[in-house]
Amino acid sequence: MTGAPRQIVIVGRDAALWLTASTLGEGLRPIGVQVTAVELPSSLGPASAYTTLPAIEALHGKLGIDEATLLRTTGGSFSLGWNIVRPGAAPFLLAHGAYGAPIEGGEFFPYWLKARRNGLNASFEDFSPTAMAARHGRLLIPDEETERFGRCDYAYHLPAIPYVSLLKSRAQKLGVTIRQTTAVTAERDGVSGSILSVAPEDEDPISGDLFIDASGPEAVLIGQELAVGIESWRSFFPFDRSLTARAKPFSSVPTYAEIKLAGNGWTTLVAHQSATSVVHAFSAAQQSNDQAFAAAGVAAGTNVQDPAVQAVEPGLRSAAWAANCIAIGEAACALNPLFGLDLHAVQLGIVHLLSLFPTTAAADSERSEYNRISRSHFERLRDFQAAPYALISASHVVPETLLQKLDSYRARGTIAPMEDETFTPDQWRALFIGLGLEPESWPPAIDQMPPEMMKEGFRRILGFVSAKVLAQPTQDNYLAEIGAGIGA
Amino acid sequence: LLANLDGAPQAEPRLLRFMPGRRTSAWAGNCVAIGLASGFLEPLESTSIFLVQAAVVDLIDLMPSARTGDPVDPRLADEFNRLTTMHYDRIRDFLILHYIANERTGEPLWDYLRNMPIPDSLQHKLELFRARGQAPEYQFGLFSRDSWLSVLFGQRIAPLTHDPLAGAFDLALVETQVADFRSRIDGAVAVMPSHSQFIAGYCAASETVAA
């Protein structure tokens with residue numbers, strides 16, 4: 001091969017495999033690239049669910065996956081963010097939307113901070129239409145007014161098994177060749193080390209120009225075959241196990257996921273139409289699997305079933321792309337399970353690959369850029385996940401870049417601008433404020449604004465938020481309205 | 001310099017000497033360097049005023065407490081210095097780009113510049129552009145992707161090939177659309193006033209100002 005790759009072989013499982021296969025099938029078919037998916041046995045259980053981020057909507061759009069169909073066929077639901085609950089403190093909403101809007105052209109946060117210090121009752125989330133809609137059991141359907149106000153996004157909770165089969169059928173329709181196997185072996189070029197072909201068990205080898213490893217932590221190609229190592233993030237995250245189980249669905253499905261933080265673990269309830277998926281993260285040294293199962297039940301407040309325990313070993317593959325093999329998803333970066341960002345990590349890998357689809361067999365420039373940009377994105381995700389651990393217990397090591405963020409936030413309330421962020425400054429601040437971290441000062445320049453003008457700004461925003469929230473449908477009503485209810 | 005002037009010089013030429021670089025910390029203790037005191041890259045692209053503006057904006061955000069006698073919070077200085085370094089380093093790469101792609105062979109200065117060692121960050125940007133026409137795109141910093149593209153193309157650095165995904169577009173259709181775009185630009189430019197017409201109507205210098 002001398003030019004751009006013509007044959008792509010993806011080895012993997014579950015959403016990492018099928019989101020990659022369908023998106024590459026869609027994006028590369030017009031230039032005549034053939035995509036083959038080699039499917040390994042699923043590691044999903046009946047309780048597994050994906051939490052998405054708002055960005056997935058655009059990808060679904062490219063794949064021709066209609067929202068109502070998506071939620072109806074998977075039993076999924078809308079989500080406006082996370083409600084985070086911890087002992088001895090007020091819960092807070094970490095929402096996919098703006099918190100406040102500029103006052104007289106000036107950034108909202110410093111004004112809120114100053115007013116808060118001077119006795120303002122309204123919390124940070126009171127100024128967020130998205131957070132308040134979630135708090136009141138409503139959705140927030142973006143319109144022209146919310147557009148003018150600021151970001152008002154939403155995401156989904158998707159039961160994993162039906163979502164994966166939806167993606168697989170899209171891949172099939174988009175012309176992806178599908179092979180199933182329990183294991184693969186690879187043949188490599190003795191000189192360059194590049195992969196020449198992969199062979200499913202008892203079958204002929206499938207040759208390709210570019211190989212994608214979407215096999216998850218097993219990393220059958222990038223790890224087992226190419227021996228690319230992992231930089232461990234263990235020191236930033238205390239928990240090494242995650243238990244997934246499911247409880248009966250809520251009678252009225254909430255519009256957020258709920259994270260309950262406790263000393264020896266946290267539990268997330270991911271509510272959707274068909275069930276409530278429960279994820280409990282813990283440390284094997286502190287809790288047995290049975291104790292974790294019991295803790296998950298207590299946090300869920302009801303019986304849970306179908307438990308599955310997974311080892312969690314957070315870390316970054318030192319190169320996501322090595323030779324002619326690209327790792328996507330957990331094979332590239334094993335994130336901590338907090339916030340359930342795995343599907344987003346898959347999307348980042350796919351988007352970067354499409355924007356750097358190689359022009360040559362060697363692909364040296366693309367490989368180095370892909371590795372640079374992936375690392376940068378993954379490290380920002382890691383920092384966001386590490387923040388609650390760093391703030392709740394002082395005993396962990398904190399990544400250097402997160403320390404910079406924490407320092408400038410504590411000193412001044414700014415979120416140090418960094419490239420390749422997934423979360424917005426508002427979300428960082430909502431997280432910090434919610435976890436009880438208040439900045440020590442605000443920019444003195446804002447003291448010029450007369451208090452009346454500031455108060456008028458607050459009244460205007462609070463008025464908008466409450467009017468907007470009142471006009472919103474509940475999850476159940478809206479699902480029925482768009483034909484996305486599973487009873488429909 | 002004098003040979004290139006249209007008329008007589010209005011003042012004697014002034015010679016400025018400079019050493020390109022930035023101060024290791026623009027903010028140290030209770031002293032903040034802004035403008036030339038914080039560093040200087042090059043007269044090329046006149047980035048000094050931008051750097052002053054960026055520093056002022058950052059300083060307003062990070063201005064320490066107004067209470068006399070309070071010690072300056074070093075965390076504010078650290079963030080200011082981090083931002084200043086980012087601005088300088090990105091502009092530095094952009095300016096060096098103007099020199100290394102020169103085609104003036106046989107002239108010692110330009111021969112040297114073409115072959116001099118350059119920062120890894122710029123080397124990486126250049127390789128990516130040469131390979132596939134992809135230009136840097138960052139969220140923070142002065143020069144946009146379009147600025148990079150215009151200098152890269154202006155310096156006649158030719159990408160070996162294009163993004164393979166562009167192969168999906170029908171060439172004839174692309175040519176039509178590009179031609180249409182071009183003619184709309186020409187149309188928009190044609191109705192614009194000349195520079196001197198615009199100044200005369202908008203902000204003509206008053207004759208009463210003494211020299």
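Quickly run through the stretch B:137-147 and pick out the residues that are crowded, with 16+ Cβ neighbours inside 10 Å and either facing another protein chain (nearest Cβ under 10 Å) or out of contact with any helix residue (DSSP H, G or I) (no Cβ under 7 Å at 6 or more places or on another chain) (or both). The one that is crowded, with 16+ Cβ neighbours inside 10 Å and either facing another protein chain (nearest Cβ under 10 Å) or out of contact with any helix residue (DSSP H, G or I) (no Cβ under 7 Å at 6 or more places or on another chain) (or both): B:Gly141. Restricted to the stretch A:28-38, and to residues there that are closer than 15 Å to A:Thr359 by Cα and part of a helix (DSSP H, G or I), the residue that is nearest to the other protein chains (Cβ to nearest Cβ) is A:Ile31.
For the stretch B:29-62, the set of residues classified as within 14 Å of chain A (Cβ to nearest Cβ), over 15 Å from B:Gly141 (Cα atoms) and either in contact with a Leu (Cβ under 8 Å, 6 or more places away or on another chain) or of a type in the set (Lys, Arg) (or both) consists of B:Leu62 only. Taken over the stretch A:219-240, the criterion of being in contact with a Phe, Trp or Tyr (Cβ under 8 Å, 6 or more places away or on another chain), buried (at least 22 other Cβ atoms within 10 Å of the Cβ) and part of a helix (DSSP H, G or I) is satisfied by A:Leu221 alone.
Picking from residues in the stretch B:162-203 that are part of a helix (DSSP H, G or I) and of a type in the set (Asp, Glu), the one that is nearest to the other protein chains (Cβ to nearest Cβ) is B:Glu175. Is the stretch A:411-422 home to any residue that is closer than 18 Å to A:Asp383 by Cβ, within 12 Å of chain B (Cβ to nearest Cβ) and β-branched (Val, Ile, Thr)? Within the stretch A:411-422 (the criterion being closer than 18 Å to A:Asp383 by Cβ, within 12 Å of chain B (Cβ to nearest Cβ) and β-branched (Val, Ile, Thr)), the answer is yes, since at least one residue qualifies. So is B:Arg67 at the interface with another protein chain (Cβ under 10 Å from one of its Cβ atoms), in a loop (DSSP other than H, G, I, E, B) and of a type outside the set (Ser, Thr, Tyr) or not? Criteria met by B:Arg67.
Would it be correct to say that A:Ala361 is touching a Phe, Trp or Tyr at 6+ places or on another chain (Cβ under 8 Å) and either farther than 23 Å from A:Phe423 by Cα or crowded, with 23+ Cβ neighbours inside 10 Å (or both)? No, not satisfied. Considering only residues in the stretch A:300-322 that are buried (at least 21 other Cβ atoms within 10 Å of the Cβ) and farther than 23 Å from A:Ala332 by Cβ, the one that is modelled with the highest pLDDT turns out to be A:Val304. Kindly evaluate A:Asp407 against the criterion of being within 12 Å of chain B (Cβ to nearest Cβ) and assigned to a helix (DSSP H, G or I). So A:Asp407 fits the description; yes.
Every condition in (1) assigned to a helix (DSSP H, G or I); (2) of a type in the set (Ser, Thr, Tyr); (3) away from chain A (no Cβ under 12 Å) holds for B:Ser121 except the one numbered (3).
Take B:Leu83 and decide whether it is in a helix (DSSP H, G or I), of a type outside the set (Gly, Ala, Ser) and more than 11 Å from chain A (Cβ to nearest Cβ). No. Whether a residue is within 22 Å of the chain's Cα centre (by Cα) and without any contact (Cβ under 8 Å) to a residue 60 or more places away in the chain was assessed, and A:Glu421 passes this test. The single residue among A:Ala467, A:Ala445, A:Ala480 that is without any contact (Cβ under 8 Å) to a residue 60 or more places away in the chain and within 14 Å of chain B (Cβ to nearest Cβ) turns out to be A:Ala445.
The values are calculated or read from the model by the stated rules, or taken from the named source; none is laboratory data. Please read all numbers here as calculations on a predicted model, not as lab measurements. All Cβ positions, glycine included, derive from the backbone under ideal geometry; neighbour counts span all protein chains shown.
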